[in-house]
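Throughout, read-outs are computed from the coordinates displayed, never taken from laboratory work. All values derive from a computational prediction rather than experimental measurement. Cβ sites come from the backbone with ideal geometry, for glycine too, and all protein chains shown count toward neighbours.
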Amino acid sequence: MLYQLYDIQHAALTPLRLMAEATQQTFQNPFFPGSYTKVGRAMAAGAELIERTTRRWGKPEFGLKTTRVHGREVAVTEQVVLNKPFCSLVNFERAAPHDGPKVLLVAPLSGHYATLLRGTVQALLPHHDVYITDWADAKLVPLARGRFDLEDYIDYIIDFLRHLGPNTHLMAVCQPVVPALAATALMAQMDDPCQPRSMTLMGGPIDTSAAPTVVTQLAETRDIEWFERNVITSVPVYYPGGLRQVYPGFIQLTGFMSMNLDRHVGEHLKLFKHLVIGDGDSAESHRKFYDEYLSVLDLTAEFYLQTVHEVFQKRSLATGQLKWRGLTVDPAAIEKTALLTVEGELDDISAPGQTIAAHTLCRNIPESKKHNHMQKGVGHYGIFNGRRWREEIEPKVRAFMRTYDDRARTRAAAE
């Protein structure tokens with residue numbers, strides 16, 4: 001009934017939302033004299049806040065239409081190169097020769113869409129051939145398409161790497177660092193010719209015991225049955241994925257918001273002030289961030305519960321207990337793939353220490369091919385988005401990939 005109650009609440013707020021929209025349009029109409037007064041701007045600002053906080057947000061677009069390659073602006077086109085029931089592999093095809101490393105960017109499946117990494121993709125595009133995992137909203141996937149769990153997630157990464165072929169670089173942000181490392185280990189164990197040339201793991205829970213956070217403490221203080229009883233529900237039959245068991249995106253969003261509730265309330269109060277004084281640039285910056293932040297998707301129950309149990313409660317990868325199709329995942333098998341870990345000093349979701357633990361697990365990667373970067377002054381989102389990402393982190397990631405890219409080394413030798 002949880003999902004139905006959520007939908008009923010949304011429907012009940014529809015008259016309020018429509019009234020807020022009408023009020024906003026009235027007090028922003030240039031032909032209405034009241035729109036030029038402070039009271040009028042306050043009415044419009046208040047109405048916008050009501051409309052935005054009662055709206056249901058859909059999947060955003062990447063909206064990356066152009067990039068600059070060697071100082072020249074070129075067009076970018078999104079192309080789906082491989083379709084699976086729960087994910088599409090999307091290539092950002094540039095209208096220019098691809099002379100940079102080929103990158104598989106594994107987006108988090110933790111409540112937000114892959115577009116959360118828009119800034120990540122934007123910074124990579126001028127220098128790389130970028131592919132991203134575009135995860136589906138579980139409530140929109142019919143039951144007939146089957147189930148999806150952590151083992152399936154690992155399958156998808158392996159399939160995508162094989163589709164892209166040798167000399168591909170793997171990059172995972174946040175939640176997928178565990179399945180990305182597992183997929184790389186399994187391909188090494190199979191001596192797969194398509195195992196990635198390099199692996200960049202950013203702000204993820206390789207070993208949660210290294211640095212406890214609110215997220216890890218919640219998982220450790222509840223048994224898996226508590227999560228199953230309290231946060232798992234069935235999708236209503238009026239959705240394409242009707243009757244599928246899911247962990248709803250709106251629950252994950254509530255959890256994210258509650259971790260920093262004072263800050264989010266403060267940001268919305270700032271929006272109100274920006275609108276009243278006519279600071280359009282600051283207001284638009286707020287809208288862009290929250291349009292993305294408030295757009296959420298559902299996860300399959302089996303994937304969510306298995307992730308909580310294996311990653312946060314048992315720490316299966318870190319303790320050598322993670323299984324895939326009956327085979328034990330062994331990161332020590334990785335020898336050919338270079339490793340870069342990136343952590344944020346102020347990360348309160350995957351705190352410093354959790355990601356760098358990969359270096360200990362991957363003990364047979366030569367030390368010369370192991371690298372770590374600790375970014376000062378950034379939290380979780382600052383690792384892969386914003387000024388510090390663009391100016392300080394991305395250049396290091398770019399240099400790392402080029403060091404271990406076959407084509408880049410061939411060009412360097414020719415020059």
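In Å and from the alpha-carbon atoms only, list the Rg and Dmax of the stretch 269-352.
20.9, 62
Students often check this: by mean Cβ neighbours within 10 Å, which of 98-111, 46-59, 20-33 ranks highest, and how do the rest follow?
Peptide ranking by packing, descending: 98-111, 46-59, 20-33.
For the stretch 58-130, take N as its residue count and report Rg(C-alpha) divided by 2.2 N^0.38 Å.
Cα Rg divided by the expected 2.2 N^0.38 Å: 1.11.
Tally the DSSP beta bridges in the chain and give the antiparallel ones as a percent, rounded to 5.
In the chain, DSSP labels about 50 percent of beta bridges as antiparallel.
Mind ordering 131-142, 193-204 by average Cβ neighbours within 10 Å, highest first?
193-204, 131-142
When the convex hull of the C-alpha atoms of the stretch 139-217 is computed, what volume per residue in Å³ does it have?
Measuring per residue, one finds 129 Å³ for the Cα hull of the stretch 139-217.
Kindly state, to the nearest 0.05, the FRET efficiency for residue 289 paired with residue 159, given R0 = 41 Å and r defined as their beta-carbon distance.
0.80
How long are the semi-axes of the equivalent ellipsoid of the stretch 18-110, defined as square roots of 5 times the Cα gyration tensor eigenvalues? Whole Å, largest first.
Over the Cα atoms of the stretch 18-110, the semi-axes work out to 43, 20, 10 Å.
Averaging sequence separations of C-alpha pairs under 8 Å and six or more residues apart, then dividing by the length of the chain, give the relative contact order as a whole percent.
It comes to 19 percent, rounded to a whole number.
Tell me the mean residue ellipticity at 222 nm calculated for the chain from its helices only (DSSP H runs of n ≥ 4, each -39500 (n - 2.57), averaged over every residue, nearest 500).
-12000 deg cm²/dmol, from helical runs alone.
Which value in Å is the Kirkwood Rh of the chain over different Cα pairs?
About 22.8 Å for the chain.
Among rounded, prolate and oblate, which fits the stretch 172-246 when a ≥ b ≥ c are the square roots of the eigenvalues of its C-alpha gyration tensor, a/c under 1.5 means rounded, and a/b larger than b/c means prolate?
Verdict is oblate for the stretch 172-246.
With springs connecting C-alpha atoms under 10 Å apart, model the chain as a Gaussian network and identify which of 366, 205, 352 has the largest mean-square fluctuation.
366
So for each of 327-336, 229-238 I average, over its residues, the number of other beta carbons within 10 Å; can you give me the resulting order with the highest mean first?
Answer by packing, highest mean first, reads 327-336, 229-238.
Given N residues in the stretch 214-273, what is its alpha carbon radius of gyration divided by 2.2 N^0.38 Å?
That ratio works out to 1.51.
What list do you get for 290, 247 if you sort them by fewest beta carbons within 10 Å?
290, 247
Using +1 at the C-beta of Lys and Arg and -1 at the C-beta of Asp and Glu, which of 81, 127, 47 has the Cα lying farthest in the positive direction of the dipole of the stretch 41-137?
With unit charges placed on the Cβ atoms, the residue in question is 47.
Can you list the residues, at least 5 places off or on another chain, whose amide H is less than 5 Å from the amide H of residue 168, using H built in the peptide plane?
Correct list: 197.
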